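Data block below; observations after.
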Amino acid sequence: MLPSLWEAVSGTRKVEWAVRRDDGRLVFTPEMSRCWAWKDELPEQKLAVVGKHFGRWAALVAPRLVPVVYALTGRAGRPDDFRDAGLTPLQLELAEAILEAGASTPAELRALVGAEKKQVDGAVVTLQRALVLTNAHLVEQRAGWGAIAVDLLARRWRPGRLPATDEAQRTLAATVLGSAGELSAADLGGALGWRVKRSREVLDELAERGEARVRTEDGLTLYS
């Protein structure tokens, strides 16, 4: 398993997210309360990039790695470079709306483009995966949970000079490997949303460069 915000807050990988009060209600543990708040506060304060950028889960990316991650898109790093991303009509309309209106919540996006909730939510996830959109800040609602406003990643974080794709892949793989200590190609693929073949090729390249060690256990190739 890779380090998580929960582990950083609680000091353990065992998740204990709630306790039952005397009245029978479940409430967050103090650690989960901090974790729940920080996942929104970190991107708002620009201390971490947060979004579903590698899969259908929220990932945290250090600001120093923004150019590295963005280099894998093959785009220029401009706020309007999503126009070269081969988006669907709805995805393009959403990105154009945010470019003009600024960071927006899902409800605001539905009003801007006139689409249904399921369509907008699905498109936003895809746009986050493509590194077009990222979480910006929490907007309090009159009732219920707050809503996350999303913004164009390239506008909010300004990637700047981008490394070559192969260099970016090695840097990301080495970063994940350094955090995990030891992993397989499948582990790396799961963390970054890469195919196992691609992960293995990058890890083998690190090994060839002397930046990783390789061992085999029960027929499984492990890198450290």
Cα convex hull of the range 58-214: how many Å³ per residue?
128 Å³
For the range 164-208, what does the relative contact order come out to in percent, with C-alpha contacts under 8 Å and a separation of six or more?
39 percent
Loop chymotrypsin sites (Phe, Trp or Tyr not before Pro), the range 116-224 (other Cβ atoms within 10 Å of the site Cβ: 16 or fewer; DSSP)
TRP145
So, relative contact order of the chain in percent, Cα under 8 Å, 6 or more apart, is 18 percent
Relative counts (whole %) of C-alpha pair distances in the range 75-118, using bins that are 10 Å wide
27, 54, 18, 0
Just need the relative contact order of the range 121-187 here, percent rounded to a whole number, with Cα pairs under 8 Å and 6+ apart.
20 percent
How many angstrom separate the Cα center of the range 21-36 from the Cα center of the range 70-145?
32 Å
If packing is taken as the average count of other Cβ atoms within 10 Å, what order do 128-137, 207-216 fall into, highest mean first?
128-137, 207-216
List nothing, just return the count: lysine pairs in the chain, 8 or more apart or interchain, with Cα separation under 22 Å.
4
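All of the numbers you see were taken from the coordinates with simple rules; none came from a lab. A quick note: this is a predicted structure, and the numbers were derived from the prediction, not measured. With ideal geometry, Cβ positions are generated from the backbone for all residues, glycine too; neighbour counts draw on all protein chains shown.
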